[in-house]
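The values are calculated or read from the model by the stated rules, or taken from the named source; none is laboratory data. This structure is a prediction, so every number in the text was calculated from the model and none was measured. Reconstructed Cβ throughout: ideal geometry from the backbone, glycine too, with neighbour counts over all protein chains shown.
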Amino acid sequence: MEKRIFQTEFKGRNLTVEVGELAKQAHGAVLVRYGDTVVLSTVCVSKTANILSDFFPLMVLYQEKLYSVGKIPGGFIKREGRPTDAATLAARMIDRPMRPLFPENFRNEVQIVNTVLSVDPDNSPELTAMLGSSLATSISKIPFDGPIAGVKVGRVNGKFIINPTVSEAEESDIDLTVAGTIDAINMVEAGAKEVSEDDMLDALMFGHDAVKELIKFEEKIIKEVGQEKMDYEVLEITDELKDEIYALAKEPLDGAMRIKDKIEKYAAIDKIKEDVVAKFEYENESLDKDELNELITKVKLCLEKVEYEVFRKIVVKEKKRADGRKMTEIRPLSTDIDLLPRAHGSALFTRGETQSLSVVTLGALGEHQIIDGLSPEDEKRFMLHYNFPQFSVGETGRYGAPGRREIGHGALGERALLQVIPSEDEFPYTIRVVSEILESNGSSSQASICAGCMALMAAGVPIKSPVAGIAMGLITDNDDYTILTDIQGMEDHLGDMDFKVAGTKDGICALQMDIKIKGITKNILKEALAQAKKARMEILKTITKQIKEPRKEVSKYAPKTMTFEIDPLKIKDVIGKGGEMITKIILESSNVQTVTDINAVKVDIQEDGKVIIYHTNQDIIDRTAQMIKNVVKEVEIGKIYTGRVVKVIDELGCFVELWEGCEGLVHISQLSDKRVVKTSDVVKEGDEIIVKATGFKNGKLNLSRKDVLVKDKINDENKKDRKSE
């Protein structure tokens, strides 16, 4: 294919797609330019399919190249390593709207690779990569029921903006990413500053209108350069086999699904499936290994289909839930705080069979997380980390670095609670929340938000308002549908939508939606938001019953703070040459041997001269503050001070310390109003004497004891004269 260029203007910015010049051996490749942001998106598909697999092997990568923002990677190796959290989240954001649009029985491996080549912070590389991923796949031979596109929506001064710039985003009260097809929305990710449900719905629809514009541009390109779609191998299952398995499994699965306890329910379902599989293995033991393996795979797929249909019948037709709850009913809630005596804040939130233990740690502002990525943001003051151990679902499994699921759930919880975190000026701490999932059966990310909120209040973090989260589900059957409140694992797995909403009593703070069908309508979204609000209010009542408001004081084990300001020009004096002065202050005030000692005081000095001191001991904070103030304190010429003699030189004079870090010379000629032969005849080390600051010479402070003595003598003579009169 020869090089083709397609151009359009999207929301006042140039959008260009180049096809046919780069990565020509990939099965689909496009270079997308949005302003000065440039992303190469490629896609490849395997020649063969593992038709016996039970999942579609799609991999979406988002590769951040630091040269795209003119940076050299940090660290010893000096090259890009494992994906950053931001890159992982970007890859997930592209995967989520695309995955449901591949054929259900397609099993060829597909890899979509987005390489970020140039970044203009005002033009999102993530959304540029989403457009590129959709286009590369749509013009390739790979079957895909797209295209899709995504946009960001902000709101400044009540006006919605598509793909806001960095400065606009800072003023916006909505940070919404919406993606979908030309017909419907199928992915949502949002943070918001307590925005109403109606306003959020308007923002979603506004965003989808912009998505439609992008898709029309994509459709034009696909029409001109799109390839014919490939034939692919599928696993053929006869109607006879489907009917036989349906007859065997329908009634038993119907009964098992109505069991309320998760472990008992899953055990019963697994037993039914195992019995059906064992029956077919026994009846077909004469088949060779490969034929038997293929048959058993078909049986298992049919069993999944029966389970899916039985579940839908119970929910949509009977309007019942597998565990007996009403459609809008939340599972039993329980809460507790202060479980961990030495942690700065801790809380336990349990909803049914989902449980989060969240723990808060407060640190100095200098303990911000450093971000080595493409974003203009280079540090984070508030973090929420989410851990999902396998024991939480009664299983064994992989342990190690956090995966995409942990990073994604943590980011959602962080986005929700960030909206109510106080500013640095209000609360000068770095704040870390860790959510340990101890039990899981549905929406542990929202349990993390609830537990994290209570832990923050228990830690004395003055959050603006309590936050709660709830997960909603959707079960469809043609035009009929049912919205579920507080979905559990099976309702998520077999349902069509996972719609998470977190917020305060006043509005939404975070939103996330993933759907397995092609999209949902405005009416469904509106109904789900309204139902979620009622549930959120119920959970907030439980949270505030446990802890009504943030504690007034932080834990005795958390660092206390003192904040004051110094002249920015004096910062270099406090730091000292090679950090010598600040090291001396820390060691002496804390009475430790090294600045890395756990008991060492922490000192943050900002460019504007703000000094923040942290320690659990208030006396150490006070002592450190006084030492810093002494360094920056200035001598007033002509003022009289009391100082301590620290060094005596007979022929020269003596050095006097007015306060720590401030010394001056009293020349031998200035020691007395009489002639002095040797300094030691008048003073010795350790003496306290009264001196007058007379000026600076060559940057050194000069002091005079003589001037004070003369002044005192004159005053005494004046007193005598007044008495004689």
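Of the strands (runs of 3 or more DSSP E) lying entirely inside the stretch 115-214, those containing at least 1 residues that are surrounded by fewer than 17 Cβ atoms within 10 Å (Cβ to Cβ) are 149-156, 159-162. If only residues of the stretch 51-60 that are surrounded by fewer than 14 Cβ atoms within 10 Å (Cβ to Cβ) and closer than 17 Å to Lys300 by Cβ are counted, the one that is nearest to the chain's Cα centre (by Cα) is Phe55.
Of all the numbered requirements in (1) in contact (Cβ under 8 Å) with a residue 12 or more places away in the chain; (2) in the same structural domain as Ile245 (by TED's automatic domain parsing); (3) in contact with a Leu (Cβ under 9 Å, 6 or more places away or on another chain), Asn284 misses one, and that requirement is (1).
Note on the stretch 1-58: residues that are among the basic types (Lys, Arg) and within 26 Å of Met230 (Cβ to Cβ) amount to 4. Residue count for the stretch 34-88 satisfying the condition of being in a loop (DSSP other than H, G, I, E, B) and acidic (Asp, Glu): 3. Would you mind stating whether Val461 is of a type in the set (A, V, I, L, M), crowded, with 20+ Cβ neighbours inside 10 Å and touching a Lys or Arg at 6+ places or on another chain (Cβ under 6 Å)? Here the answer is no, as Val461 does not meet what is asked. The single condition from (1) more than 21 Å from Glu395 (Cβ to Cβ); (2) aromatic (Phe, Trp, Tyr); (3) buried (at least 16 other Cβ atoms within 10 Å of the Cβ) that Tyr282 fails is (3). Quick check on the stretch 666-687. Is at least one of its residues under 26 Å from Ile628 (Cβ atoms), in contact with a strand residue (DSSP E or B) (Cβ under 6 Å, 6 or more places away or on another chain), in contact (Cβ under 8 Å) with a residue 24 or more places away in the chain and surrounded by fewer than 18 Cβ atoms within 10 Å (Cβ to Cβ)? Checked against the condition, which is being under 26 Å from Ile628 (Cβ atoms), in contact with a strand residue (DSSP E or B) (Cβ under 6 Å, 6 or more places away or on another chain), in contact (Cβ under 8 Å) with a residue 24 or more places away in the chain and surrounded by fewer than 18 Cβ atoms within 10 Å (Cβ to Cβ), the stretch 666-687 yields no hits at all.
Taken as a whole, the stretch 509-522 holds no residue that is in a helix (DSSP H, G or I) and in contact with a strand residue (DSSP E or B) (Cβ under 8 Å, 6 or more places away or on another chain).
Note on the stretch 213-248: residues that are within 44 Å of the chain's Cα centre (by Cα) and either aliphatic (A, V, I, L, M) or closer than 30 Å to Val17 by Cα (or both) total 22. Leu31 meets the stated requirement of being in the same structural domain as Gly12 (by TED's automatic domain parsing), outside any loop (DSSP other than H, G, I, E, B) and on the phi < 0 side of the Ramachandran plot. Scanning the stretch 88-114 for residues that are in contact with a helix residue (DSSP H, G or I) (Cβ under 6 Å, 6 or more places away or on another chain), over 30 Å from Ser167 (Cβ atoms) and surrounded by fewer than 24 Cβ atoms within 10 Å (Cβ to Cβ) turns up nothing.
In summary, Val601 fulfils each of the numbered conditions (1) in contact (Cβ under 8 Å) with a residue 24 or more places away in the chain; (2) surrounded by 15 or more Cβ atoms within 10 Å (Cβ to Cβ); (3) of a type outside the set (S, T, N, Q) with the single exception of condition (1).
Residues are listed down the side, and each one gets a yes or a no for (1) surrounded by fewer than 17 Cβ atoms within 10 Å (Cβ to Cβ); (2) in contact with a Phe, Trp or Tyr (Cβ under 9 Å, 6 or more places away or on another chain); (3) not small (Gly, Ala, Ser):
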position: Leu494; (1), (2), (3): no, yes, yes
position: Asp498; (1), (2), (3): no, no, yes
position: Lys505; (1), (2), (3): yes, no, yes
position: Ile524; (1), (2), (3): no, yes, yes
position: Glu565; (1), (2), (3): yes, no, yes
